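Since the structure comes first, as structure tokens, the remarks are kept for the end.
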């Protein structure tokens, strides 16, 4: 059987697309991935998603998205797509050896924040360790925190966090920022920000919550401890697009390119939404909005093919 629409990925973008496509009687099949629900599954409190004045836990919000998509008839598979062929319609999508064919595809596989890879960091993720200042900065009002990184992302996160934190240490493994000159100057001149040069984080300290960082000077090897109550990673994101390489146009960082004014990729009939194509906003609400757009674009495109 050829599916009318297959949605690959299950964050806010994919599940919103599923709600819209299901309500349009397109009977969508979602291949949600083994890490279902996207980055919000790693977020404890979400206070900036409209409609939840008291906030909501990230996993709880995604479970509500999922139930709504299923209520309208979305079929959900908890598997990873292992290969695709978009060279001809119907499009071919493999989950291991199982082949699925689709008249249209919506890609919403998201992007993954880059982490340091420390066991202590993983243990305290969501309990003082974060990769999203706009999501979690509010919880660090009047606290001393650290931002790890040296590019524009790190500069933007640090400057944003000055609205809340009493002091911000920017920890960078080099002796100068890689950020653009204007952003670097803002960071260097800000009274709340202190640079920690030529330094890496070896361990996140704390039992249940972050209490400090164990730092190492990359030039001298000296080890020190920095008491902070939060650590924000700003060392970039990696779009989850490896399986689509060679099938659709990607930019130099691996994000899906949308050449027109809607969510269609370089292949007609294949659409993309959310963090897999958006490296600017990276918010649940913008991803959901793009998921709605992709669903409507796919629905209209399918109508045009039949007409």
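The values are calculated or read from the model by the stated rules, or taken from the named source; none is laboratory data. Here the structure is a predicted model, which is why all the values come from computation and not from measurement. In this analysis, Cβ positions are derived from the backbone assuming ideal geometry, glycine residues included, and neighbour counts consider all displayed protein chains.
Filtering region 224-237 for residues that are surrounded by 23 or more Cβ atoms within 10 Å (Cβ to Cβ), at pLDDT 95 or above and over 25 Å from residue 171 (Cβ atoms) leaves an empty set.
Restricting region 31-84 to residues that are farther than 18 Å from residue 20 by Cα and part of a helix (DSSP H, G or I), the residue that is nearest to the chain's Cα centre (by Cα) is 39. Just one of the numbered conditions (1) within 25 Å of the chain's Cα centre (by Cα); (2) within 25 Å of residue 140 (Cβ to Cβ) is not true of residue 272: (2).
Taking region 133-149 only, how many residues are crowded, with 20+ Cβ neighbours inside 10 Å and at pLDDT below 95?
Kept after step one, since they are crowded, with 20+ Cβ neighbours inside 10 Å, are these residues of region 133-149: 133, 135-137, 140, 145-149.
Still in the running and at pLDDT below 95: 133, 135-137.
Total satisfying the criteria: 4.
In the set (1) within 23 Å of the chain's Cα centre (by Cα); (2) assigned by TED's automatic domain parsing to the domain that holds residue 295; (3) in a loop (DSSP other than H, G, I, E, B), the condition left unmet by residue 179 is number (2).
I'd like to verify a number: residues in region 20-30 that are assigned to a helix (DSSP H, G or I) and surrounded by fewer than 24 Cβ atoms within 10 Å (Cβ to Cβ), how many? Of the residues in region 20-30, 3 are assigned to a helix (DSSP H, G or I) and surrounded by fewer than 24 Cβ atoms within 10 Å (Cβ to Cβ).
Just one of the listed residues (52, 91, 65) is assigned by TED's automatic domain parsing to the domain that holds residue 11, surrounded by 12 or more Cβ atoms within 10 Å (Cβ to Cβ) and under 14 Å from residue 6 (Cβ atoms), and it is 91.
The residue of region 233-261 that is nearest to residue 117 (Cα to Cα), among those that are under 12 Å from the mean Cα position of the chain (by Cα) and in a loop (DSSP other than H, G, I, E, B), is 236. When the residues of region 268-284 are filtered to those that are surrounded by fewer than 17 Cβ atoms within 10 Å (Cβ to Cβ) and either at pLDDT 95 or above or in contact with a strand residue (DSSP E or B) (Cβ under 8 Å, 6 or more places away or on another chain) (or both), which remaining residue is farthest from residue 62 (Cα to Cα)? Filtering region 268-284 for residues that are surrounded by fewer than 17 Cβ atoms within 10 Å (Cβ to Cβ) and either at pLDDT 95 or above or in contact with a strand residue (DSSP E or B) (Cβ under 8 Å, 6 or more places away or on another chain) (or both), the one farthest from residue 62 (Cα to Cα) comes out as 268. Checking each residue in region 85-116 for being more than 17 Å from the chain's Cα centre (by Cα) and assigned to a loop (DSSP other than H, G, I, E, B) picks out 86, 87, 88, 89, 90, 96, 97. Looking across region 150-187, the residues that are over 20 Å from residue 236 (Cβ atoms), touching a strand residue (DSSP E or B) at 6+ places or on another chain (Cβ under 7 Å) and surrounded by fewer than 21 Cβ atoms within 10 Å (Cβ to Cβ) come down to 162, 166, 167.
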